[in-house]
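Written out below as structure tokens is the structure these notes cover.
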Amino acid sequence: MSASPSSSSFSSIVLPLLCLLAGAVAGAAAMATAAGAASGSYTANLKVEKEDDEKKRDLQQQTQEKEARGRAYEAAAPAAPAAAAAAASTAATAEATTVEAEAASILSLWFDGGQDIESNYRHRWFCAPGSERQLAFDKEIHSRYSLLLQRLASDEEKRKEWQKTPKELLALLILFDQLGRHINRHHTRMKREGPTEGGTEEGKEGGEEGGTARSYPSQGQTDGIALGLAREMQSRGWLSHLHLSVPEHVFALMPLRHSPTVGSLQEVLCHIDSRETAEEQAKNLLHKFRKTTMR
């Protein structure tokens, strides 16, 4: 049987249309795939660019912070030496003030304690050995100056801080030559008498924990330091009537007396002769001044 004309015509029309439709579908799928790929690539590129921007911002921020720290350091650098210098100056001023006060305390104790020279001679400078007055004075000096003596005896640099003026150097000399004798005498007596209840009397006065006895420089050590100080005063031209009163001059010469060599004793006698001459001249001047005033 042969196909009918209508069936053949249908096939010739529909089949090509189906083929075109299938091709269109396939093309659309391909385009969609391509568009998806392109979209994914674009998104990836955006992500990379965003990350790059963040890295650039971080780097820029770090650079700015580093520059800011550098500027701050440069601004602070000149101030650091100035601050250190200011602190050193403050410490030096405090040290000088302390030396001045301690020196004044020693000189006041030694020269201003009595009503006059005769009173000081009998009741302070040359008390009767073993007398109640001497024992009390030993104890007072030990209580007030034993720690200072101990500290300065072991620190030559600290002693130099006391050598800037005639009076401060004189006070240091008296500390070692005179007060040191009172301190060592009291220290020896306390050791000889033994501990009292609660520890040694020496320990109580010195503030040692539990009353433990403190070690002090020997008389030989203090005499040696005092002699060196007297020589220093002499080398600076301070061992004279121009800088010292008569009592001060006498005690500035004492370390030479305590070093009983022929040479040192002759030096003492020469100083006494020179001072007597100066005092006699001063006395004559005062006498003439009196006479002219009473005319």
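Just to be sure I understand, how many residues within the stretch 104-162 are assigned to a helix (DSSP H, G or I) and either open to solvent by less than 60 Å² (accessible area, probe 1.4 Å) or of a type in the set (A, V, I, L, M, F, W, C) (or both)?
The first filter runs over the stretch 104-162 and keeps only residues assigned to a helix (DSSP H, G or I), leaving 104-111, 117-125, 132-153, 156-160.
With the extra rule that they be either open to solvent by less than 60 Å² (accessible area, probe 1.4 Å) or of a type in the set (A, V, I, L, M, F, W, C) (or both), the set shrinks to 104-111, 117, 119-120, 124-125, 134-138, 141-142, 145-150, 152-153, 159.
Qualifying residue count for the region: 29.
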**Report entry** Every pair of residues 6+ apart whose Cβ atoms lie under 9 Å, when the first sits in the stretch 265-284 and is closer than 14 Å to residue 254 by Cβ while the second is open to solvent by 90 Å² or more (accessible area, probe 1.4 Å) and of a type in the set (Lys, Arg)
**Finding:** 265/257; 268/257
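Here's the yes/no breakdown for (1) surrounded by 16 or more Cβ atoms within 10 Å (Cβ to Cβ); (2) charged (D, E, K, R); (3) under 13 Å from residue 167 (Cα atoms):
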{"site": "229", "(1), (2), (3)": "yes, no, yes"}
{"site": "273", "(1), (2), (3)": "no, yes, no"}
{"site": "292", "(1), (2), (3)": "no, no, no"}
{"site": "295", "(1), (2), (3)": "no, yes, no"}
Report summary line: Scanning the stretch 215-255 for residues that are within 24 Å of residue 186 (Cα to Cα) and part of a loop (DSSP other than H, G, I, E, B) gives 215, 216, 217, 218
Report summary line: Looking across the stretch 248-262 at residues that are closer than 20 Å to residue 104 by Cβ and without any contact (Cβ under 8 Å) to a residue 60 or more places away in the chain, the single one that is most open to solvent (accessible area, probe 1.4 Å) is 250
**Report entry** residue 95 vs. criteria loosely packed, with under 10 Cβ neighbours inside 10 Å and modelled with pLDDT under 70
**Finding:** no
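The values are calculated or read from the model by the stated rules, or taken from the named source; none is laboratory data. Just so we're clear, the structure is a prediction, and the values are computed from it rather than from any experiment. So basically every Cβ, Gly included, is an ideal-geometry build from the backbone, and we count neighbours across all protein chains shown. Remember, those area values only see protein heavy atoms, side chains included, never the ligands or the DNA or RNA. Shrake-Rupley method; radii C 1.70, N 1.55, O 1.52, S 1.80 Å.
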